[in-house]
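Derivation of every value follows stated rules applied to the coordinates shown; laboratory data play no part. From a predicted model like this one, the values you see are computed outputs, not experimental measurements. We place every Cβ from the backbone using ideal geometry, glycine too, and count neighbours over all the protein chains shown.
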Ligand SMILES: Cc1cc2nc3c(=O)[nH]c(=O)nc-3n(C[C@H](O)[C@H](O)[C@H](O)COP(=O)(O)O)c2cc1C
């Protein structure tokens, strides 16, 4: 039986992307027949900003989407299959019943301010319940010598230059150089010693506080921070997990940059230790820091101005990077250790903080606290600026990427 579906009231969701996806799998029959033993299977997948994971399209779904987007009649496919496909596409909101969009994008909600490719990339690159420490050990990416054996030589860190080099002056190091030299990602925190509240306040004041602001009439409030921000909009908010600070109740907080104050948030149901481990995807060397800072982008703050802008998401990511470097330097100057990681479980953090992924979502997690005197997890200090040149390699129990 064939069908004559009326498609005029249906439309595809905004930002729908179709992706051809191929996966290799082992094919024993092919191997026994003298082949490589590998078979490639391809499938069309639908991706969209509102989906958490891609949806593999059936031929009937594909036919319906093609008909909808080209305005052509659906091909001669069994009515039952088409109806089922329509129900599935409606259930996943890849297709909706609403009228075609005629409004200007300016009138639509903040979720429509995203550049669609960035929205899909952001949504799909988030992790949920990933154990990156275990995954790294399993994949053997911790052993770079073995990797070089597998992959061949690694790309050189500096471009090869044939032309004569222009050598630059090297002024004698001053106190700023000494500070920079001691900036080393900390993977060894002293959990026995609480962080004084004054030092905690100083870290937040230097890294995240607004040292001035301008209120644009009916427009945004522009903050002056110690780090630059694309458009001066500062979309990055600092959400804190305070673990071990004198006089501050352990828990979750949101930092208010204008008032230099903490807004307490509900405790995560799983407890602080478990939340910390999940946030940094089981990297226990980071979870133990006295303070963890989740760099959460408030996208509407930026996209209000940069609507459907191809660079806006990149700017938010760069903003997070600037803040993390500032946090490293502020910590180093204060005699503390600091870290940043992008190996985070964004979905778990969003759920615990009650955030919506296209509105407020973590881009990285930083942390700071007292350094331990003992290195049990490797740190990268080849010049010995921080740890002093060791006589022999440290007794690393853990390896890092
Ligand atoms: C964006 C970013 C992500 C990082 N993610 C991780 C991580 O997941 N785990 C980790 O142990 N270190 C992580 N690091 C720290 C790097 O491994 C570290 O910067 C690098 O080894 C150089 O060491 P240094 O920071 O001490 O100079 C990250 C650093 C950056 C900038």
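Summary of values
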| read-out | value |
| --- | --- |
| In nm, spacing of pseudo-spin labels at residue 217 and residue 191 (7 Å Cα→C-beta vector) | 5.7 |
| Inter-label distance, nm, simple model (7 Å from Cα along the C-beta direction), residue 146/residue 205 | 4.9 |
| GNM result for the chain, Cα springs below 10 Å: residue of 349, 28, 55 fluctuating most strongly | 28 |
| Relative counts (whole %) of C-alpha pair distances in the stretch 308-393, using bins that are 5 Å wide | 3, 11, 16, 18, 17, 13, 9, 6, 4, 1, 0, 0 |
| Length-normalised contact order for the stretch 2-97 - Cα pairs under 8 Å, 6+ apart - percent | 35 |
| Packing rank of 239-245, 110-116, where each peptide gets the mean count of other beta carbons within 10 Å, highest leading | 239-245, 110-116 |
| FRET efficiency, residue 19 to residue 158 (Cβ-Cβ, R0 51 Å, nearest 0.05) | 0.90 |
| GNM top mover of 331, 210, 29 - the chain, alpha-carbon springs below 10 Å | 29 |
| Euclidean distance of C-alpha centroids, the stretch 17-38 and the stretch 51-97, integer Å | 27 |
| Between 0 and 90°, nearest 10: helix 312-333 axis offset from the chain longest Cα axis | 20 |
| Beta bridges per DSSP with both ends in the chain, % antiparallel, nearest 5 | 95 |
| Mean Cα-pair separation over length for the chain, i.e. relative contact order, pairs under 8 Å, 6 or more apart, % | 17 |
| Point-to-point label distance, residue 125-residue 40, nm (Cα→Cβ direction, 7 Å offset) | 2.5 |
| Stretchable slack from residue 52 to residue 78, in nm (0.36 nm times residue separation minus alpha-carbon distance) | 6.3 nm |
| Acute angle (nearest 10 degrees) that the helix 197-207 long axis makes with the longest principal axis of the chain, alpha-carbon atoms | 60 |
| Alpha carbon Rg of the stretch 2-97, scaled by the compact-globule rule 2.2 N^0.38 Å | 1.33 |
| Candidates 15, 271, 37, ranked by Gaussian network fluctuation over the chain, Cα under 10 Å, top entry | 37 |
| Angle in degrees between helix 79-91 and the longest Cα principal axis of the chain, rounded to the nearest 10 | 30 |
| When the chain is reduced to its Cα atoms, the Kirkwood hydrodynamic radius in Å | 24.9 |
